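To start, the structure itself, in structure tokens.
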Amino acid sequence: MAAIKRLAVYDVESTGLSRHFDQMVQFAGIAVDTDLNFIKGDQLLLDVKLRPDVVPGPYAFAITGISLDHLEKNGIPEFEAASHIQQWFKRKNTMMTGFNTQGYDDEMVRNMFYRNQLEVYDHEWKDGNCRSDAMLAVMMAFALRPEIMNWPTKADGSYSLKLEELVKENGIEHTHAHDARSDVYATIELMRLIKRKDEKMWNYFLSLSDKAKALEMMQQRKPLVMVDYGIPRSLGHMSMVLPIIADLNNTKKMHCIDLRYDPTELLTLPPEEIRRRVFTKAAELGEGESLQGVRSLTSNQCPLSATPGVLKGRGDLMERSGLDMAACMKHAEMIANDPSFRARLQQAMVSNFPPAEDIYQTIYSLNMIDYSEQAVRSRLRMPTVEGPGNTALPAIVKADPYQVGDQQPKDRARLFELSLRAKWSNYSNEVLALNSFTQPELQEWVEHLKRMWHGESLHKDHTTLARFNKDLLAVRAERVLTPAQEKALLEAEAYVQIMLSQIDTLESMSNDLAKANLEAEAAKAAEAAKVTQELVGAEPSEQSVEEAVVTTLVAREEETSLSPGL
């Protein structure tokens with residue numbers, strides 16, 4: 001991997017927790033060099049308008065206090081924001097990072113690119129780029145060098161690793177928590193603190209973003225110290241693991257065994273039983289069936305791992321983590337002496353994506369977007385449409401989603417659905433003003449809006465109208481809100497009412513157009529039947545006209561119908 005020259009530190013604030021159905025409303029990115037000095041003029045600050053198919057989450061706006069009125073007046077469409085963000089990330093030898101970006105923000109960015117016709121992954125790896133996560137650096141410090149920082153504690157005496165509490169405990173100014181720009185500044189100061197107090201650990205942390213080196217270390221299949229959020233905080237988020245075998249679906253991931261636990265029972269289990277115990281909630285397992293210690297390391301996710309030498313002279317860390325080095329090595333030997341276990345573990349850990357209920361959920365489960373499909377997507381982004389005031393609009397504003405889908409038979413449904421939604425969710429006013437739509441696509445868009453607003457939640461974090469109303473009551477009952485937070489919720493309520501009215505208006509428009517189209521088709525069919533009868537010298541009967549009308553309408557419906565299965 002080429003040497004990193006630029007760290008793109010960023011944060012997003014969003015409408016909720018769903019990476020598929022929510023969206024970012026604020027983006028803040030500030031670039032620093034490898035000494036963590038600001039790069040003059042290298043920043044990106046964006047406000048983003050809400051898409052019509054997103055129901056705002058009351059909890060999100062109660063936390064951030066972001067004004068929906070401000071977003072409507074000053075924000076840009078997600079389609080445009082996606083392009084600005086991608087270009088900011090894609091500069092050579094850049095590391096993307098932030099606080100908990102791998103756990104949330106990176107996924108929000110990927111899904112935004114996916115929805116808006118952009119390449120999904122290129123910014124993460126092309127031209128010497130990579131990604132990391134400053135929260136992982138904090139976690140590594142907590143696990144391996146806790147003396148370099150002050151650690152905030154909760155009322156029960158346990159430690160907190162929340163950004164706003166960490167910066168406060170360490171004397172870092174952070175006046176506007178959950179404001180994207182303020183969170184970025186706070187993250188950079190935390191990174192500077194770690195680098196200043198233990199530069200050797202900081203540099204090692206950065207080296208873990210080199211996925212080739214990380215994979216090489218994992219493939220040695222020797223005991224490693226592992227730091228991971230899934231290991232209890234009471235154990236310092238640290239344990240000793242043995243990499244065993246690569247994942248069948250992802251060669252960048254290796255399945256590991258936590259060596260703190262005696263593997264005797266695990267080594268006797270068949271693949272299906274390992275799988276059942278690993279993927280079943282602990283509360284649903286029988287007594288004595290709990291299976292601890294099956295973990296994984298993924299080379300392109302900055303895996304926090306090191307050789308056991310990192311613990312040399314640190315008996316305090318071993319004691320806190322409850323690790324017995326001799327027992328760990330014995331357990332590693334037991335596993336190594338059972339070579340057939342590798343195949344059983346690999347088979348047990350085969351992952352399957354759950355069936356997608358909506359095209360927004362298919363970023364990983366459908367085929368990869370190949371060159372030909374991306375070429376179609378890229379053409380939709382070209383500024384070829386003249387909008388109001390001679391403004392340049394992307395080609396998608398006048399594109400027919402049905403024709404777009406036909407350009408890629410392999411993934412016709414994906415291209416159709418995503419192009420239709422990107423068109424209407426970003427440029428509905430322009431589409432209506434330019435009359436650049438057909439009745440069938442308007443009907444598809446209305447049906448999509450009704451599913452998103454009035455349907456069942458498609459994911460545990462998917463906010464619908466029913467959930468909005470429920471969460472609104474709950475958040476006001478549970479929290480003491482600041483004036484800004486209460487104002488944000490009032491604006492969210494008003495926005496919801498406006499959107500419900502707009503959906504009704506669009507549905508009425510669609511129905512009126514459908515009726516007008518049917519009447520026009522019926523008139524044409526009747527006229528055709530009359531002409532036919534006149535040509536053969538007979539008076540047209542009411543039955544023959546009616547049959548012609550029915551035949552025409554059936555043909556029309558078959559022509560315009562599209563059932564894109566996922």
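The values are calculated or read from the model by the stated rules, or taken from the named source; none is laboratory data. Keep in mind it's a predicted model, so treat the numbers as computed, not measured. Using ideal geometry, Cβ is built from the backbone for each residue, glycine included, and neighbour counts are taken over all protein chains shown. Note: accessible area is taken over every heavy atom of the protein model, side chains too, but ligands, DNA and RNA are not part of it. Shrake-Rupley method; radii C 1.70, N 1.55, O 1.52, S 1.80 Å.
Filter the range 438-475 down to the residues that are farther than 18 Å from Leu489 by Cβ, among the aliphatic types (A, V, I, L, M) and more than 23 Å from the chain's Cα centre (by Cα), then identify the one that is surrounded by the fewest Cβ atoms within 10 Å (Cβ to Cβ).
Residue satisfying both the conditions and the ranking: Val446.
Please work out which one of (1) open to solvent by 10 Å² or more (accessible area, probe 1.4 Å); (2) within 30 Å of Ser378 (Cα to Cα); (3) within 19 Å of the chain's Cα centre (by Cα) is the condition Asp127 fails and give its number.
Result: Asp127 fails condition (3) only.
Taking the options Ala356, Ala327, Ala332, name whichever one is in a loop (DSSP other than H, G, I, E, B), open to solvent by less than 50 Å² (accessible area, probe 1.4 Å), in contact (Cβ under 8 Å) with a residue 60 or more places away in the chain and not charged (D, E, K, R). If you could, list the steps in order and put the result at the bottom.
Values: Ala327 fails: in a loop (DSSP other than H, G, I, E, B); Ala332 fails: in a loop (DSSP other than H, G, I, E, B).
Answer to the selection: Ala356.
Can you name the condition, by its number, that Asp316 falls short on among (1) at pLDDT 95 or above; (2) exposed (fewer than 14 other Cβ atoms within 10 Å of the Cβ); (3) touching a helix residue (DSSP H, G or I) at 6+ places or on another chain (Cβ under 6 Å); (4) of a type outside the set (Phe, Trp, Tyr)?
Just one mismatch for Asp316, condition (3).
If you go through the range 256-264 one residue at a time, do you hit one that is of a type in the set (A, V, I, L, M), touching a helix residue (DSSP H, G or I) at 6+ places or on another chain (Cβ under 6 Å), in a loop (DSSP other than H, G, I, E, B) and modelled with pLDDT of 95 or more?
Scanning the range 256-264, I find at least one residue that is of a type in the set (A, V, I, L, M), touching a helix residue (DSSP H, G or I) at 6+ places or on another chain (Cβ under 6 Å), in a loop (DSSP other than H, G, I, E, B) and modelled with pLDDT of 95 or more, so the answer is yes.
Taking the criterion of being loosely packed, with under 14 Cβ neighbours inside 10 Å and of a type in the set (Ser, Thr, Tyr), would at least one residue in the range 476-486 satisfy it?
Checked the range 476-486: at least one residue is loosely packed, with under 14 Cβ neighbours inside 10 Å and of a type in the set (Ser, Thr, Tyr).
Right, Arg295: within 20 Å of Met334 (Cα to Cα) and not hydroxyl-bearing (Ser, Thr, Tyr) or not? Can you show your working first?
Numbers: within 20 Å of Met334 (Cα to Cα): yes; not hydroxyl-bearing (Ser, Thr, Tyr): yes.
So Arg295 fits the description; yes.
Given (1) in contact with a Phe, Trp or Tyr (Cβ under 7 Å, 6 or more places away or on another chain); (2) open to solvent by 40 Å² or more (accessible area, probe 1.4 Å); (3) under 30 Å from Lys410 (Cβ atoms), where does Gln292 come up short, assuming only one miss?
(3)
Within the range 160-181, count every residue that is without any contact (Cβ under 8 Å) to a residue 24 or more places away in the chain, in a helix (DSSP H, G or I) and either open to solvent by less than 20 Å² (accessible area, probe 1.4 Å) or of a type in the set (Ser, Thr, Tyr) (or both). Spell out how you get there, then give the answer.
At the first step, the residues of the range 160-181 found to be without any contact (Cβ under 8 Å) to a residue 24 or more places away in the chain are 160, 162, 164-165, 167-177.
Imposing the further condition that a residue be in a helix (DSSP H, G or I) reduces the set to 164-165, 167-169.
With either open to solvent by less than 20 Å² (accessible area, probe 1.4 Å) or of a type in the set (Ser, Thr, Tyr) (or both) added as a condition, the list becomes 167.
The number of residues fulfilling the criteria is 1.
It is to be established whether one or more residues within the range 289-307 are free of Cβ contacts under 8 Å to residues at least 24 places away in the same chain and either more than 23 Å from Pro232 (Cβ to Cβ) or over 36 Å from the mean Cα position of the chain (by Cα) (or both). Reasoning before the result, please.
Start the filter on the range 289-307 by keeping residues that are free of Cβ contacts under 8 Å to residues at least 24 places away in the same chain, which leaves 289-290.
Narrowing the set further to residues that are either more than 23 Å from Pro232 (Cβ to Cβ) or over 36 Å from the mean Cα position of the chain (by Cα) (or both) leaves none.
Taking every residue of the range 289-307 in turn, none turns out to be free of Cβ contacts under 8 Å to residues at least 24 places away in the same chain and either more than 23 Å from Pro232 (Cβ to Cβ) or over 36 Å from the mean Cα position of the chain (by Cα) (or both).
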